[in-house]
Amino acid sequence: MMPSAKPPKHLKLRLPYPVAAATSQDLGPPKIETRALDFFYGDVRSLHDINMSLADRSITAFIGPSGCGKSTLLRVLNRMYALYPRQRAAGEVLIGGRDILSASVDVAELRYRVGMVFQKPTPFPMSVFDNVAFGLRLVGGIHGAELKMRVESALRDAAIWEEIKDKLHADGRSLSGGQQQRLCIARAIAVQPEVLLLDEPTAALDPISTLRIEETLQALREKYCIVMVTHNLQQAARVSNVTGFMFMGELVEIGPSNEFFTSPKSRKTDDYITGRFG
Amino acid sequence: MNRRPLRKFKNGAFLVLSSIATLMGLACLAAILWTLLSHGLAGMSWHLFTEMTPPPGAQGGLLNALYGSAAMTVLGILIGSPIGVLAGTYLAEYGKKSRLSTVIRFINDVLLSAPSIVIGLFIYEIVVVHMGHFSAISGALALAVLAIPVILRTTEDMLNLVPVGMKDSSAALGAYPWRTTLSVLYPAARSGIVTGLLLAIARISGETAPLLFTALNNQFWSTDLNAPIANLPVVIFQFALSPYKDWQDLAWAGALIITVTILILSISARVLLALLQSGRGAGR
C-alpha cells in the first residue's frame, strides 16, 4: 500500500538498518486483545474503553504525551499495577486467548509469560550470569549445561554476548548503561516469554546505546510479540510495525506504522506527530 | 550608614565562638583518649589475655571477663539480629504504610533512646526473678533488646534505599515478594545491613547497666550460660572503684580494650557504608 501523503519532514531519516515495511495484511493472528479495558487509580479513571488487538511476532509502539496512559496500559498487560494498592483494571485483556484479568490467573505465572523491561536499567546485585539465570532458576528444573546454554542464547539474542562473554562473573552493575539495559532484555527473554513489554527502554541511554537496543529489538521481532512505550516518535517510526497514539487515557488511533506516520486518520494524531502539540 | 564593619565584626565573632566550642569539644575527647592511653597502656601485658581476674593483691588478667563479654555480645546479636532484620523487612517491604507499622516505628524510636538501665531492670523482672539467679543468658537477652532497635532501623533504611525498579523487575520475572526480598533486596542492601549489625555490636559491647542486674559478674572462669558470668564493663566498674592499685590498673587496661574495639567497629561500619555509597555511584 502506497502512502497517500508525504511523510512529515522530521521523519525522513536515514536508517542504519533495514526496516520491514509492515502493512495490516502482513500481520498474523492477534496475540493480545483488549475489550472495553478501563483502568482506575483510586477513583481516577486513567484508561477509557481501550479496544485493540496486537499481532504476534511484531513490534507495537505506543506514543502520546506524558500522562496519556501509555505506561499504564503496558502495566496492565502483566498486571504490574497489582503490586500497588488502590489500582484496578476492568474489562477483558486476552493474551493467547486467556483473560489475564480474571481472578483465577496466577500473577507470578502471568509475569513469567509476559516479560518486562523498564526505563532505567535494573541489573540485580549479582553476576551477569546470575542476572540472566534469575528467571530460569525461579521456575527451577534447569541446571548445569542447559542453564549455561539458555543464558548464552538469551545474551546472544539481546546482542550483548560478544561484548561480555568474558565478563559473565562480573557484577551486573559494573556494566555500562547501555549494556545494563541489554542485560535486562536478556534477563527478560531468557525465560522465553510470549510477550515482551518495554517501557521507554532507551529513555535513559545515549544515542549509540539506543541504536544497539533498536537493532536488538529488530532481531527479537522474529520471535516475540513486543509492545513498547516511547516518547521518541522517530524511534516508533524506525522500530515498530504498528503504532498506537494515546491521548487522555484513550486510544485515539492504532495502525501499521508506515500508514500511521504518513497518513494518520485522526486529526489529533496528525497534530501530535507533526509537533503541533504534546 | 555603612553597616559593613558591623557585619564583618559579627561574622568574625561568630567564627571565633564556634571555633572555641569545637576546640573545647575536641580537647575533652583528646583528654579522655590521652588519660585512657597513658593509664591503659601501662597495664597492657599478655597476662590480660591469659589469666583470670585476680583477688586483691595478686597478679591476674581479664581473660574470663573478655570471654564473658564476647560470649554475651555474640549471643545477644544472634538473638537480636533475626528479629531486627525481619522486623525491618516487614516495615520496609510489607507493611509500609499500615497503622501497625507506624506504631512499631514509634515504639522502636522510644526503645532506641531508652536508658539501658531500664532495659536491665526489665530483663531482671521478667527473666532473672523467674530463674531465681543471675545468668549469662539473661545478660545476652538484655543486650539483644538493646541491639534490636538499632538493627531494625538500619535494615528498614537500607532496604528503602534499594531502587524500586529493582523490586519491580524481580516481580516482573514472576518472583514472589519473599523471593525478591531474599534474592534481590538483601544482596542489594547487604553492606548496609552489615553496617547496622556492626553499629549494634558497638552499641552493646560497652554497656554496663543492663548487665549489673542480669549477668552480674564472676570472679572465676565460667562458660555456663545458666550462671553468672564475668564481663568487661562490670569488671571495670568494680575494679575502678576499688582501693587496690592492681585492680585499678586492670580497669584502665580493660577500658582501653573496650574503647579500641568500639573504635575499630565504628570505623569499619563507616568504611563499609562509604564503599556501599561509592559502589552505588559507580552503578549509575
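The values are calculated or read from the model by the stated rules, or taken from the named source; none is laboratory data. Small disclaimer: the values here were computed from a predicted structure and weren't measured. Every residue, glycine among them, receives a Cβ derived from its backbone with ideal geometry; neighbour counts consider all protein chains shown.
Of note:
- Only helices (runs of 4 or more DSSP H) whose full extent lies in region A:173-252 are considered here, and the ones with at least 1 residues that are within 21 Å of A:I32 (Cβ to Cβ) and within 11 Å of chain B (Cβ to nearest Cβ) are A:177-189.
- If you go through region A:220-249 and keep only what is of a type in the set (S, T, N, Q) and surrounded by fewer than 18 Cβ atoms within 10 Å (Cβ to Cβ), you end up with A:N232, A:Q234.
- Exactly one residue among B:I107, B:I117 is under 25 Å from B:N231 (Cβ atoms) and aliphatic (A, V, I, L, M), and that residue is B:I117.
- Qualifying residue in region A:79-91 (condition: at pLDDT below 95 and over 30 Å from B:S98 (Cβ atoms)): yes
- B:A251 being within 17 Å of B:P55 (Cβ to Cβ), of a type outside the set (F, W, Y) and touching a helix residue (DSSP H, G or I) at 6+ places or on another chain (Cβ under 6 Å): yes
- Failed criterion for A:L168 (all others in (1) modelled with pLDDT of 90 or more; (2) among the aliphatic types (A, V, I, L, M); (3) closer than 21 Å to A:Q234 by Cα hold): (3)
- Some residue of region A:93-100 being surrounded by fewer than 19 Cβ atoms within 10 Å (Cβ to Cβ), closer than 27 Å to A:I213 by Cβ, in contact with an Asp or Glu (Cβ under 7 Å, 6 or more places away or on another chain) and free of Cβ contacts under 8 Å to residues at least 24 places away in the same chain: no
- Per the listing A:V252, A:V191, the residue uniquely in contact with a strand residue (DSSP E or B) (Cβ under 9 Å, 6 or more places away or on another chain) and buried (at least 21 other Cβ atoms within 10 Å of the Cβ) is A:V191.
- The set of residues in region B:135-188 that are more than 22 Å from the chain's Cα centre (by Cα) and aromatic (F, W, Y) comprises B:Y176, B:W178.
- Residue in region B:178-201 that is more than 14 Å from every other protein chain (Cβ to nearest Cβ) and closer than 17 Å to B:L66 by Cβ present: yes
- In region A:143-161, the residues that are crowded, with 17+ Cβ neighbours inside 10 Å and part of a loop (DSSP other than H, G, I, E, B): A:A158, A:A159, A:I160
- Filter result for the condition that a residue is closer than 23 Å to A:R221 by Cα, more than 11 Å from chain B (Cβ to nearest Cβ), of a type in the set (A, V, I, L, M, F, W, C) and touching a residue at least 24 places away in the same chain (Cβ under 8 Å), over A:A170, A:A159, A:A89: A:A159
Every residue, every condition in (1) in contact (Cβ under 8 Å) with a residue 24 or more places away in the chain; (2) crowded, with 22+ Cβ neighbours inside 10 Å; (3) under 30 Å from A:C184 (Cβ atoms), yes or no:
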site	(1), (2), (3)
B:L86	no, no, yes
B:L91	yes, yes, yes
B:Y94	yes, no, yes
B:K97	no, no, yes
B:S116	yes, no, no
B:S138	yes, yes, no
B:G165	no, no, yes
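- Every residue from region A:235-260 that is more than 18 Å from the chain's Cα centre (by Cα), over 17 Å from A:A55 (Cβ atoms) and of a type in the set (D, E, K, R): A:E250
- Only residues that are closer than 19 Å to A:R111 by Cβ and either away from chain A (no Cβ under 13 Å) or part of a helix (DSSP H, G or I) (or both) were counted across region B:155-170, and they come to 7.
- Residue check for B:A142: at negative phi and touching a Lys or Arg at 6+ places or on another chain (Cβ under 8 Å): no
- Residue, farthest from the other protein chains (Cβ to nearest Cβ), within region A:106-130, restricted to residues that are touching a residue at least 40 places away in the same chain (Cβ under 8 Å), part of a helix (DSSP H, G or I) and under 20 Å from the mean Cα position of the chain (by Cα): A:R113
- Within region B:167-182, not a single residue is at pLDDT 90 or above, on the phi > 0 side of the Ramachandran plot and exposed (fewer than 15 other Cβ atoms within 10 Å of the Cβ).
- For region B:222-243, the set of residues classified as surrounded by fewer than 15 Cβ atoms within 10 Å (Cβ to Cβ) and in contact (Cβ under 8 Å) with a residue 24 or more places away in the chain consists of B:T223, B:D224, B:N226, B:S242, listed by residue number.
- Close pairs from region B:256-268: first closer than 19 Å to B:I193 by Cβ, partner surrounded by 15 or more Cβ atoms within 10 Å (Cβ to Cβ), Cβ under 7 Å, at least 6 apart: B:L265/B:L198; B:L265/B:I201; B:L265/B:A202; B:S266/B:A202; B:S268/B:L198
- Scanning region A:162-172 for residues that are out of contact with any helix residue (DSSP H, G or I) (no Cβ under 8 Å at 6 or more places or on another chain) and part of a helix (DSSP H, G or I) yields a single hit, A:E162.
To keep it simple, each residue is scored yes or no on (1) farther than 16 Å from B:A202 by Cβ; (2) within 16 Å of the chain's Cα centre (by Cα); (3) not small (G, A, S).
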{"position": "B:L225", "(1), (2), (3)": "yes, no, yes"}
{"position": "B:L232", "(1), (2), (3)": "no, yes, yes"}
{"position": "B:V235", "(1), (2), (3)": "yes, no, yes"}
{"position": "B:F239", "(1), (2), (3)": "yes, no, yes"}
{"position": "B:A253", "(1), (2), (3)": "yes, no, no"}
{"position": "B:A269", "(1), (2), (3)": "no, yes, no"}
{"position": "B:L275", "(1), (2), (3)": "yes, no, yes"}
